[in-house]
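Working notes, beginning with the structure itself.
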């Protein structure tokens, strides 16, 4: 190799090494809503806290990534990811086919279990609280449970957080028989439920648990079956830009690692008092 080619080779190798170091050293910005406790919230100092943040920090440590958590309103959380405002989303976001059309997802790091909650003063027929409605299964049992649920809630006012799978489910399956009310935040839905301005609501179990365990939550209760599958997707995942394969692999490897060593389950027990992560 002559001297000129050797110099060019050294420059190319040095440039590639520099690019690799820059990739390793860049700060990964992770967006969360900050208004969806116990998944994510903001403490008195303005710092994001919650299950998503603890899991994210454990994943970043395992993947040797430098990460920064920022808050972003839910309605714009996916568009802001696609234009590069941040690199990932950890906000209790369900993996769905509709969202997959726009962004990519990591493997699930938590499961979903959706329930109706209604005021205890509401006159509705009793339903089996142990029943399950899996929208992915086209069985006679699932159809029967759904039919009973629809009939029991006919004419009621049901609240959901806007731009969520809960809203999509209510509008698709109950839109013609209940009054659907959308809210910007779950807290505002809870306030209307407590004040009697709303008959019930639909959200993930983890969200309801925080509310039902509170002092005010004693006036309401879970109603009907656990709802999963279908448009609710296979679980909760990290939202990523399509094509960001390197970061996706790092997060997937880290998720599998903290599942295997019990870290993920411990974080779930800390924030939910239940294991919402074990398949």
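See the values below:
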{"read-out": "For 127, 137, order by how many other beta-carbon atoms lie within 10 Å, fewest first", "value": "137, 127"}
{"read-out": "Rg and Dmax of the stretch 114-232, Cα atoms only, in Å", "value": "13.2, 39"}
{"read-out": "Footprinting exposure proxy for 255, 238 (fewest neighbouring C-beta atoms within 10 Å first)", "value": "255, 238"}
{"read-out": "Mean Cβ count within 10 Å, highest first, over the residues of peptides 220-231, 72-83", "value": "220-231, 72-83"}
{"read-out": "Exposure proxy order (Cβ contacts within 10 Å, fewest to most) of 120, 215, 250", "value": "215, 120, 250"}
{"read-out": "Angle between the chain longest axis and helix 51-63 axis [Cα atoms, degrees, rounded to 10]", "value": "20 degrees"}
{"read-out": "Of every Cα-Cα pair in the chain, the percent that sits beyond 29 Å", "value": "38 percent"}
{"read-out": "Residue of 118, 42, 55 that the Gaussian network model of the chain assigns the largest fluctuation, springs spanning Cα pairs under 10 Å", "value": "42"}
{"read-out": "Helical mean residue ellipticity (222 nm; -39500 (n - 2.57) per DSSP H run of 4+; nearest 500) of the chain", "value": "-12000 deg cm²/dmol"}
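No lab work stands behind these numbers, since they all come straight from the coordinates. All values reported here derive from a predicted model rather than from experimental measurement. Heads up, the Cβs are rebuilt from the backbone with ideal geometry, glycines too, and the neighbour counts pull from every protein chain shown.
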